[in-house]
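Comments concern the structure below.
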Amino acid sequence: MRGPSSSHCAASLRIGRLCRDLVDGNMQHVLIEFDPNGSLATTHKSQGSDMGLFGGFLGWEAYDERLPESDKYMGIAGITANIEIHNIGATHPNTYKLTMSNKQECRRLTAISTGGGMIEVIEVDGAPVSMKGDFYETLIYCKATKHVVDFLQNAFEYDELVVHKGDVDIIEIKAQEFLPEGLCNELMAMEEGLFVKKLAPVLPVMSRKNLEVPFISCEEMLVYNEDKNLAFWQLATEYESARGNITGEEVFEKMRAIVCIMSGSIQAGLKGTSYDDRILQSQSPQFKQQMESNRLIGGSVNNTVIMYVTAMMEVKSSMGIIVAAPTAGSCGALPGALIGMGDTMGLHEDEVVKGMLVAGLVGVFITAHATFAAEVGGCMAECGSGSGMAAAALAGMANGTLQQALGAASLALQNTLGLICDPIGNRVEAPCLGRNVMAATNAISCANMALSGYNHLIPLDEVIETMQHVGNEIHHTLRCTNLGGLSVTKAAKAIEARLEEPQQFFKVC
């Protein structure tokens, strides 16, 4: 993806893509509504929600190089947008309420960003739904619901069919493909006024009927492994094979491709980056020069990791391509730690891939039982999660046992509980860079502690559960809202004012 925040950029783009589908690609005007008590009211422009939404309305991917100028392309496409900030009764801080219109129709969609680029559509045209962008969704608007359902049960193989009652009933069909045009035409011939909408999946891995995974927590994983004695990375492969319905070899090679993207981003950062709308300019090349001149405090792995983390964060802040791992705001810690260790110690790329698989599985446990969204759990949910994921991976890459890797993750997460999210200047740069560096170096320390036999005391599952409780207790002003912490210091407000740009073609009410 490109952009400063996965919760704001990648997620909003995916939501925008679904909005585009809901009006069959014929979008002329959009009303965007944010709740004043959520995170988007104060961050939608500076942290990329507008950019992501506009890219989605235009049908782009999250890595499209035109994203920084998406507002210009909206104008070229003849799409206008208004943003209104008022009480919409939102219960989630990342709530998007959108109304799309053209000369023929008006459609409404409400969605939330749940962290790390993941989304959930919770309402379509007044009907409560649950769409996560992982199915082909066919929506049939009709009145004679039973007649249509009876017809579909014998005519089409679907994963799930749900009837949403309202002024006009909506039949939602989740499937591995859209309802064929021939069947759509038969339905429209059966009932006057019936029409069909098709929303394409926006996630890279789809769901399916009766999807089962072998485990979804550390405890379940350990029980699963009792008679198998698999390494941590092999357990991750087992999980991903079941989840994605692909072979273990395919899982490994897909992760290798991700590692290659990360490595490319780091190398791009080390060459130097530039971008007008950011606070911190390129620093990693200077760090590299100081390190090569032996002017830094010793510790080759640690210093390489700091340099790599910085390079990755600079690529993110210059709108380069990065991998949200687990999020864009925390994209530096995990790859910086693993690739930094791998390069410094001369490890084969396969070992870094194995480490990244381990990290991914720890991330699965976190997202299943806590959150990756700073708007929900503070920076603990982003940099903290990245640190725990990296710690487990590093311990595994150092030939630690499964229990040592789990202990390393537990220690790293314990050390970051309660970490707040308070970006300076309303940009995802500082203290984000420092916290990514802290997360990576914390991971190294905790991996070494676990490898040395330190007792982590609290099982990883319980630490993750605690993360969720602590996140719920963090005041909303300290959860990526630009309303507390360093965000409201005199210096931060001066930086924010300096970076503030004139409003573009859309209107903010």
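Take the conditions closer than 22 Å to Leu230 by Cβ and surrounded by fewer than 24 Cβ atoms within 10 Å (Cβ to Cβ) and apply them to Val353. Does it pass? Criteria met by Val353.
From the residues in the stretch 115-150 that are assigned to a strand (DSSP E or B) and touching a Cys at 6+ places or on another chain (Cβ under 9 Å), which one is nearest to Val376 (Cα to Cα)?
Of the residues in the stretch 115-150, the ones assigned to a strand (DSSP E or B) are 115, 118-124, 127-131, 136-142.
Now narrow it down to the ones that are touching a Cys at 6+ places or on another chain (Cβ under 9 Å): 138, 140.
Working: Thr138: 31, Ile140: 34 Å.
Filtering first and then ranking leaves Thr138.
A Cβ distance below 8 Å, combined with a sequence gap of six or more or placement on separate chains, defines the contacts here; from the stretch 474-485, residues that are free of Cβ contacts under 8 Å to residues at least 24 places away in the same chain reach residues that are not β-branched (Val, Ile, Thr) in the pairs His475/Gly484; Thr477/Leu483; Thr477/Gly484; Thr477/Gly485.
Just name the residue that is farthest from Gly340 (Cα to Cα) out of those in the stretch 245-257 that are in contact with a helix residue (DSSP H, G or I) (Cβ under 7 Å, 6 or more places away or on another chain) and surrounded by 14 or more Cβ atoms within 10 Å (Cβ to Cβ).
Within the stretch 245-257, the first condition is being in contact with a helix residue (DSSP H, G or I) (Cβ under 7 Å, 6 or more places away or on another chain), and the residues that meet it are 247-248, 251-252, 255-256.
Then keep just the ones that are surrounded by 14 or more Cβ atoms within 10 Å (Cβ to Cβ); that gives 251-252, 255-256.
Values: Val251: 23, Phe252: 20, Met255: 17, Arg256: 16 Å.
Looking at the filtered set, the residue picked out is Val251.
In the stretch 411-506, which helices (runs of 4 or more DSSP H) lie fully inside it and hold 1 or more residues that are farther than 28 Å from Asn303 by Cα and among the aliphatic types (A, V, I, L, M)? Let's see the steps before the verdict.
Working: elements: 432-451, 460-473, 490-499.
Those helices (runs of 4 or more DSSP H) span 460-473, 490-499.
May I ask you to verify whether Ser12 is touching a strand residue (DSSP E or B) at 6+ places or on another chain (Cβ under 9 Å), of a type outside the set (D, E, K, R), within 26 Å of Asn436 (Cβ to Cβ) and at pLDDT 95 or above? Yes; evaluated as a whole, the condition is true for this residue.
The residue pairs whose first member lies in the stretch 216-240 and is closer than 14 Å to Ala392 by Cα, whose second member is small (Gly, Ala, Ser) and crowded, with 17+ Cβ neighbours inside 10 Å, and whose beta carbons are closer than 8 Å, counting only pairs six or more residues apart or on different chains, are Ala231/Gly396; Phe232/Ala392; Phe232/Gly396; Phe232/Ala405; Trp233/Gly355; Trp233/Gly396; Ala236/Gly360.
Residues that are modelled with pLDDT of 95 or more, of a type in the set (A, V, I, L, M, F, W, C) and over 12 Å from Ile444 (Cβ atoms) within the stretch 296-318 comprise Met307, Ala311, Met312, Met313, Val315, listed in sequence order. May I ask you to verify whether Lys97 is more than 30 Å from Val315 (Cα to Cα), assigned to a strand (DSSP E or B) and either touching a residue at least 24 places away in the same chain (Cβ under 8 Å) or assigned by TED's automatic domain parsing to the domain that holds Ile366 (or both)? Criteria met by Lys97.
When the stretch 313-341 is examined, which residues are found to be of a type in the set (A, V, I, L, M) and in a helix (DSSP H, G or I)? Talk me through it step by step, then tell me what you get.
Here is the first cut: in the stretch 313-341, the residues of a type in the set (A, V, I, L, M) are 313, 315, 319, 321-325, 328, 333-334, 337-339, 341.
Answer for the stretch 313-341, where residues must be of a type in the set (A, V, I, L, M) and in a helix (DSSP H, G or I): Met313, Val315, Ala333, Leu334, Ala337, Leu338, Ile339, Met341.
Before we move on, is Ala398 small (Gly, Ala, Ser) and either under 19 Å from Gly332 (Cα atoms) or touching a strand residue (DSSP E or B) at 6+ places or on another chain (Cβ under 9 Å) (or both)? Break it down into steps so the answer makes sense when it comes.
Values: small (Gly, Ala, Ser): yes; either under 19 Å from Gly332 (Cα atoms) or touching a strand residue (DSSP E or B) at 6+ places or on another chain (Cβ under 9 Å) (or both): no.
No, not satisfied.
Taking every residue in the stretch 75-88 that is assigned by TED's automatic domain parsing to the domain that holds Cys106 and pairing it with any residue that is in a strand (DSSP E or B) and among the acidic types (Asp, Glu), at least 6 positions away or on another chain, the pairs with Cβ-Cβ distances below 6 Å are Glu84/Glu33; Ile88/Glu33.
Taken as a whole, the condition of being at positive phi and within 20 Å of the chain's Cα centre (by Cα) does not apply to Gly55. Scanning the stretch 41-62 for residues that are over 19 Å from Arg278 (Cα atoms) and either buried (at least 23 other Cβ atoms within 10 Å of the Cβ) or modelled with pLDDT of 95 or more (or both) yields Leu53, Phe54, Gly55, Gly56, Phe57, Leu58, Gly59, Trp60, Glu61, Ala62. Screening Glu157 on (1) charged (D, E, K, R); (2) more than 30 Å from Met255 (Cβ to Cβ); (3) in a strand (DSSP E or B) shows it passes everything except condition (3). The combined condition, being outside any helix (DSSP H, G or I), buried (at least 17 other Cβ atoms within 10 Å of the Cβ) and outside the structural domain of Ser39 (by TED's automatic domain parsing), is not fulfilled by Ile112.
Among residues that are modelled with pLDDT of 95 or more, farther than 14 Å from Trp233 by Cβ, buried (at least 24 other Cβ atoms within 10 Å of the Cβ) and over 15 Å from the mean Cα position of the chain (by Cα), Gly377 is not included.
The values are calculated or read from the model by the stated rules, or taken from the named source; none is laboratory data. Because the structure is a prediction, the values reported are computed rather than measured. Positions of Cβ are generated from backbone atoms using ideal geometry, with glycine treated the same way; all protein chains shown enter the neighbour counts.
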